[in-house]
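Everything on this sheet refers to the single structure shown next.
The values are calculated or read from the model by the stated rules, or taken from the named source; none is laboratory data. Computed from a predicted structure; not experimentally measured. All Cβ positions, glycine included, derive from the backbone under ideal geometry; neighbour counts span all protein chains shown.
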Amino acid sequence: MPDSLGSDPQKPNGERLQKVLAQAGVASRRRAEELITAGRVKVNGETVRVLGTKVNPSDQIEVDGRLLERGTASRYYVLNKPAGVITTARDEYGRPTVLGLVKGIPGRVYPVGRLDYDTAGLLLLTDDGELTYRLTHPRFGVAKTYIAGVHGPVPEAALARLRQGIELEDGKTAPARVRKLSGGPDGLELLEITIHEGRNRQVRRMCEAVGHPVVTLERVKFGPLGLDVPRGSYRPLSAQEILALRRAAGLNP
């Protein structure tokens, strides 16, 4: 047999292989595509290298020689990340990581995107690679809302620049929704900033660009989900919340 398969016309109702791998928590969809093109995936004993190959539930899929367990329900959690915690599985400097905060979760879950070391707030964790891909890719426009504490007063002209988009070293940001909040601590002014991108330290760089560097930063909303657990705690998402997230990411229930 050849060591590559294309989209099989005999399986018009099948699902794309990279999507199945992502849904099974093997990797993000982008990473699953890399595994396929590298020849590390087999379907019914045959190596598959062509993207777009479709598979049915009865097909046996192997990744690096290990049989994929299909049909296992994915897991979804929301964590209130404290500042001073790394959004990785491990840290070479021995700093605490978010996975250290969720040791009670069965199986392996992964953070959906990142929060900076010194940023607190809402972090999603799941083994659903397809949802992770869509929630973090700017093409799908899933909103993320932050509360930034900055030294004020912040003039209206600075807010207008944030709303219009800021020219950064990696390109202009998309327009943001920005409004002032009352009750900032220690003389700080609070800004509620909603973005649809996920660039590295984006909110911090935007605020610095308008002359008001961030002192404190917390993510309070991700798509339809709000922050409702104490700092350092986590909980599983409800079925309704998972459905709302999938809809926000453009996925069918």
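Quick notes on this structure:
- Pairs, first outside the structural domain of Leu125 (by TED's automatic domain parsing) and free of Cβ contacts under 8 Å to residues at least 24 places away in the same chain in region 23-47, second acidic (Asp, Glu) and in a loop (DSSP other than H, G, I, E, B), C-beta under 6 Å, six or more apart: Asn44/Asp59
- Output for region 52-103, where each listed residue is among the hydroxyl-bearing types (Ser, Thr, Tyr), closer than 17 Å to Thr126 by Cβ and assigned to a loop (DSSP other than H, G, I, E, B): Thr72, Ser74, Thr87, Thr88
- Residue in region 108-166 that is modelled with the highest pLDDT, counting only those that are of a type in the set (Phe, Trp, Tyr) and touching a helix residue (DSSP H, G or I) at 6+ places or on another chain (Cβ under 8 Å): Tyr146
- As a summary of the residue check, Pro106 satisfies the conditions (1) within 20 Å of Ile242 (Cβ to Cβ); (2) surrounded by 15 or more Cβ atoms within 10 Å (Cβ to Cβ) except for the one numbered (2).
- A single entry from Gly171, Gly165 fulfils the requirement of being touching a Pro at 6+ places or on another chain (Cβ under 8 Å), of a type outside the set (Ser, Thr, Tyr) and assigned by TED's automatic domain parsing to the domain that holds Glu192: Gly165.
- Some residue of region 222-243 being surrounded by 18 or more Cβ atoms within 10 Å (Cβ to Cβ) and small (Gly, Ala, Ser): yes
- For region 118-136, the criterion of being closer than 19 Å to Arg231 by Cβ and surrounded by fewer than 19 Cβ atoms within 10 Å (Cβ to Cβ) is satisfied by at least one residue.
- Residue selected from region 244-253 under the condition aliphatic (A, V, I, L, M) and assigned to a loop (DSSP other than H, G, I, E, B), by the criterion nearest to Tyr77 (Cα to Cα): Ala249
- When region 23-58 is filtered for residues that are surrounded by fewer than 16 Cβ atoms within 10 Å (Cβ to Cβ), modelled with pLDDT of 85 or more, within 27 Å of Asn252 (Cα to Cα) and not β-branched (Val, Ile, Thr), the ones remaining, listed by number, are Glu34, Leu51, Gly52, Asn56.
- Residue within region 69-81 that is crowded, with 16+ Cβ neighbours inside 10 Å, under 27 Å from Arg231 (Cα atoms) and of a type in the set (Lys, Arg) present: yes
- Lys221 vs. criteria closer than 17 Å to Leu123 by Cβ, touching a residue at least 12 places away in the same chain (Cβ under 8 Å) and either charged (D, E, K, R) or in contact with a Cys (Cβ under 7 Å, 6 or more places away or on another chain) (or both): yes
- Subset tally (residues that are of a type in the set (Lys, Arg) and out of contact with any helix residue (DSSP H, G or I) (no Cβ under 8 Å at 6 or more places or on another chain)) for region 47-67: 1
- Single unsatisfied condition, Lys103 versus (1) charged (D, E, K, R); (2) touching a strand residue (DSSP E or B) at 6+ places or on another chain (Cβ under 9 Å); (3) under 16 Å from Tyr234 (Cβ atoms): (2)
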